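Just so it is clear, none of the values below were taken in a lab; they were calculated from the coordinates. All values derive from a computational prediction rather than experimental measurement. Positions of Cβ are backbone-derived with ideal geometry, glycine not excepted, and every protein chain shown enters the neighbour counts.
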Amino acid sequence: MNAPGLGRGPAAVVVGASGGVGRALVAALAAGGDYDTIFALARTPAPQPDGVRALAIDVTDEESVMAAARDLGEAGPVGLAVVASGILHGPGIAPEKAIRALDPAAMARVFAVNTLGPALVAKHLVPLMPRRGRSVFAALSARVGSIGDNRLGGWYAYRASKAALNQVLRTLAVETARTHPDLIVAGLHPGTVQTALSQPFRPEPGPGLFTPEESTTHLLRVIGGLTREESGRVFAWDGQPIPP
């Protein structure tokens, strides 16, 4: 293993490293020792332990994504990239219970973060990933983004943004099968996690509720088991495929 930060071996990148799952992913990857350098990307970078480099990124601003990619490119190939950023609610944004609650500006913001953000990250990070040898580009999706599994309705903007993200990932998998034959592209459903994103909408306590660390353990297990033939699909925290 090369010394951390020298850029002669694979790097792992977590985008959205300030969120609950993102922070846990960074910590788990740093503890695992499988990558020479871990990059923790967030809108407001926080201090990180040895072997982890913090960089600023705003996934809704392509110039910001490009600047982060330039810094990443100086550190060598990227073996793993996980986009853990996302938005469900916030000032002026809330999941809709009915179509009458749909707000165009709020929906555009949700799409900018949940769909366009990961797409922009892929645009600028995939060129940094090796053309040969296993690598993984993953983004946190959600079971509610499944069209076939939609039985409850509601949550128009969030559902649609995640469904669109899944299509972006599928399309990316088709393209990279030609350009990066060993790259695996996947959407990941982390389960219901004890984070600020889910807090207003989850039972607490309740069955099937994970800490960020528990969710991360599951997600890294799924990532580690993915095969090239599974590229372009979406998987739940337990490794089960989620229907389109």
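Using just the helices of the chain, give the 222 nm mean residue ellipticity in deg cm²/dmol: DSSP H runs with n ≥ 4 each add -39,500 (n - 2.57), and the total is spread over all residues, rounded to 500.
-10500 deg cm²/dmol
Taking the Cα centroid of region 224-244 and of region 8-84, what is the distance between the two, rounded to the nearest whole Å?
23 Å
Please report the orientation-averaged projected area of region 1-101, defined via the convex hull of its C-alpha atoms, in nm².
Computing the convex hull of the Cα atoms and averaging its projections yields 7.6 nm².
By how many degrees, between 0 and 90 and to the nearest 10, does the Cα long axis of helix 212-225 differ from the longest principal axis of the chain?
60 degrees
Scan around PHE235 for amide H atoms under 5 Å from its own, H built in the peptide plane at 1.01 Å from N, and keep only partners 5 or more places away or cross-chain.
GLY187, LEU188, HIS189, ILE242
Mean separation of Cα pairs under 8 Å and 6+ residues apart, divided by the residue count of the chain: what relative contact order is that in percent?
19 percent
Find which of TRP155, THR44, ILE93 sits farthest along the positive direction of the dipole of the chain, computed with +1 on the beta-carbon of Lys and Arg, -1 on that of Asp and Glu, about the Cα centre.
Selected residue: TRP155.
Just to verify a number: FRET efficiency for ILE147 and THR179, C-beta to C-beta distance, R0 = 25 Å, to 0.05?
Working from the Cβ atoms, E equals 0.35.
If the chain between ALA67 and ARG228 were fully stretched, how many nm would it gain, using 0.36 nm times the residue separation less the Cα-Cα distance?
Full extension of this stretch gives 55.0 nm more.
Apply the Karplus curve 6.51 cos²θ - 1.76 cosθ + 1.60, θ = phi - 60°, to the phi angles in region 132-142 and return the couplings in whole Hz, x for Gly and Pro.
Once rounded to whole Hz, the list reads 10, x, 4, 8, 9, 10, 10, 9, 6, 10, 7.
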